Each structure stands twice: as structure tokens, then as C-alpha cells.
Amino acid sequence: MVVLAKKPKTFEIVFTDPSKAFYSSGDKVAGRVVLEVSEVTRVSAVKVFGLGCARVEYSKGKQRCREEVAYLKYEETLHLDEQPTDTDGSVTLRPGNRYEYTFGFELPQHGQLVSSYKGKFGYIRYYVKAFMERPSQPSLECRKEFEVEEPLDINTPDLLSPAGGMMEKKVTCMFIPDGQVSLNAKINRKGFCEGEDICISAKFENSCSRIVVPKAAIIAKHIYQANGRTKVFRQKLSCVRGNHVISGMCDVWQGKSIRVPKIKPSILGCNIIRVEYALMIYVHIPGSDKLILELPLVIGTIPYNGFGSRTNSVSSQEGSETSNSWVSLGIPSAPPSYSDIAQDCRLDSPLAPLLDDYDGSDSPIFMHTPGFQFPPPPAYSEIDPEPSGNAHVLRVC
């Protein structure tokens, strides 16, 4: 028996399709274990394992929280084709030759795996590990990881349903009531995929004395559970902002969009690690806590297929026909534009801050804005300016 004094020249795992980015439930993971030795070596067995687990580990004070869940466990003893074996089943490998042990196994069916993940306090990892057992020598091992991405279809009634809500906050200044700030927001569905735009419809009202700023952001929430404890790590991924809203005014978002960046899909099926997403719509209020509304999001892998949009397309078609019918009426002239009139969404009893004027104390000076009267709309003629012999008047509904 020859004692191995050196490590093998080559001992690695090579997948059949190295370009494959990820695997899913039911896929076959296949490859080979490649062996090259620099001296005569007896190998009693080469075993391969397919393993996958979720693991959470973090410190909570002096306590070390740790939890692990297995999702994949496969074992196989490999054999060389057309290679003579001894009575004990061992083989002799010689320098200058390249030996390949092939393997292959299927991943569990849908619902038994979760997508790969690597976070601050835990991971979900899948890999193939190979052991080379030698007589009277310690075993050698090598491993190679592979990604798993479970399909998540957003074309379900729940994820295609809209989400919305309303929040308001009373603002005080030195314990004195100073009006309130409110927001009302809605999105048309909860399920999205990478690269899609989330259209936001929202209204922000400001009746306090401060200038506020509406914003929206996509938030990732990483939830870790171990030893009966829960740890949450929040991360802001992308953000948009609106215009400043001064005292007594409001701002309206009609279809303001925020794009879903390149992120991992939601992880909802793991008992110890969850990755959830939310659209956080909030108002920054100087000198006070933010007014926050969170709408749930699910990031999937199968994008919206357009089904269910028939109502929208029909309504848009009807709207187009309606607008065309106005053209067929032969209106002599369109009414003048109202853009010259200042749009004012002023609320009752507004307060406008004098940002640069302060008295001797730290309290800002405020002024009451005088009442505002809307000017009458500009006049326009409802009669054809170049009447023909049969002049007529169109009634404006």
C-alpha cells in the first residue's frame, strides 16, 4: 500500500452546465468530480453529497442566537467506469491520468425549497460536497455552491389587487397644537418584478405651519428568527421625492413612479429567514417624526402577463371614442387655457412661515395669509368667430 504524501494535483467539482445561473425545484444537478494525482494513490471511495440549509446566527446581549433548517440532503457513492477495483472495492489512481466520477440528482419538487440568500445575520446556501476516502489516510474534501431561485408568480388575485391607506399626524410646537399633516396613497397592485415601475397615486395635505416634503421609497425587511427571538434589518433600496408643500397647501401625485431595482425575489417560505418588501410613502416634517404609510410589496420572478387589464384597455378605448366624438361635433373654438390662473390648493385657516424672520427667542414668527378670492375664469366666445349664414350656439355641459 502506498501512503499518499502529497495532495492531489486536481480535486474539484465541475457542473455539466457551468453557464447555468440558477436551479429551481425539480431541476437536475449534474456534474463530475475530477481527480488528478501526482503519485500512485489508492482510493477506497469517492462520495458526493448534495446539501442545502438555512442558517441564522447573531448575538443578543451575552446570548448567542443560532438556528438551522435543512432543505436538501442527498448522498451517493461514485464509481469509475471501466476501472478495475480490488476485493475491498478500492481503486488505484496513477499520475498522468485524469479520472472523472460523474454524479446527478434531482432537486425536490416545488414547495420544498427556498431561494438562495446571503444576508447580514444568516444565509440560505446550496452546494455539492465530494469526499475522497483513502486507506489509513485522512479524507479529503472539496465543495462547489450552486444558486437556487424558486419561481414566484405575481399573477395571482391577491398580488394583482390594489393596496392603499390613509395616515394623518397632529403636529405641535412647544406643546401647542400646530395643525396636522395627512396623506392618502394607493398603488394598483402588490406584485412586481425587477425593472417594473410602481405607479403611485397620492394626496398630501399640510395644515401645519411648516414646510413638508413628501417622499416614497422601496424598503427591504430582512427578518431573522433564532432561539425564539426575532431580529429585523431594514434597508432602503430606492427613493423618489415630490415638491415641497408649504403651509395650507396640498400636493397630488398622479402616476408618480418608482422603479424596482435589481433585487432578490421575496423569500416567504422559510421558517427562520424572511425577506419582505414594502413601498414606504412618507412625509418629512421638520422638527417632528415622519408621517409614514407602508404598503406591502411582493417581488416575484414571473412578471405581470397583462391578463386582467382588459377593463383598462376597454375604458381607455371608450375614452378615446368619447374624445373623438367631441371632434365630430365641430366645436368652433376650444376654450382658452386656464394655465394663466394660479392653481391654489389652499386649505382653511392657513399659516405661512416667515423663514428668515425671528424674534429674540427661538420661536419663529408666523403670519396669517389674507383671504384669497379666485378670479373669474377668462371669457371666451361660444359662437363661431367666423359665422356662416346659419350661425348657431353650442351649449357647454
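The values are calculated or read from the model by the stated rules, or taken from the named source; none is laboratory data. Remember, it's a predicted structure, so these values are computed and weren't measured experimentally. Because the Cβ atoms are built from the backbone with ideal geometry, glycine has one as well, and the counts that use them run over all protein chains shown.
Conditions (1) under 20 Å from Cys142 (Cα atoms); (2) of a type in the set (Phe, Trp, Tyr); (3) surrounded by 15 or more Cβ atoms within 10 Å (Cβ to Cβ), marked per residue:
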| residue | (1), (2), (3) |
| --- | --- |
| Ile13 | yes, no, yes |
| Ala45 | yes, no, yes |
| Arg55 | no, no, yes |
| Ser59 | no, no, no |
| Gln63 | no, no, no |
| Thr77 | yes, no, no |
| Gly96 | no, no, no |
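I'm trying to understand the selection: among the residues of region 260-293, which are more than 22 Å from Asp197 (Cβ to Cβ) and either in a loop (DSSP other than H, G, I, E, B) or in the same structural domain as Tyr123 (by TED's automatic domain parsing) (or both)? Hits for region 260-293 are Leu268, Gly269, Cys270, Asn271, Ile272, Ile285, Pro286, Gly287, Ser288, Asp289, Lys290.
Would you please name the residue that is surrounded by the most Cβ atoms within 10 Å (Cβ to Cβ), looking only at residues in region 111-122 that are out of contact with any Gly (no Cβ under 8 Å at 6 or more places or on another chain) and more than 16 Å from Gln235 (Cβ to Cβ)?
Only one residue tops the list, namely Ser115.
Against the condition assigned to a strand (DSSP E or B), surrounded by 15 or more Cβ atoms within 10 Å (Cβ to Cβ), over 11 Å from the mean Cα position of the chain (by Cα) and not basic (Lys, Arg), how does Ile218 come out, does it pass? No. Failed condition for Gly179, given (1) in contact with a Ser or Thr (Cβ under 6 Å, 6 or more places away or on another chain); (2) within 23 Å of Tyr277 (Cβ to Cβ), with all others met? In the conditions (1) in contact with a Ser or Thr (Cβ under 6 Å, 6 or more places away or on another chain); (2) within 23 Å of Tyr277 (Cβ to Cβ), Gly179 misses (2) alone. Of the residues making up region 55-79, just one is over 26 Å from Glu12 (Cβ atoms), assigned to a strand (DSSP E or B) and of a type in the set (Gly, Ala, Ser), namely Ser59. Scanning region 143-165 for residues that are over 18 Å from Ile198 (Cα atoms), assigned to a strand (DSSP E or B) and not basic (Lys, Arg) yields a total of 2. For His110, the criteria (1) within 48 Å of the chain's Cα centre (by Cα); (2) farther than 25 Å from Ile263 by Cα; (3) modelled with pLDDT under 95 hold in every case but one, which is (2).
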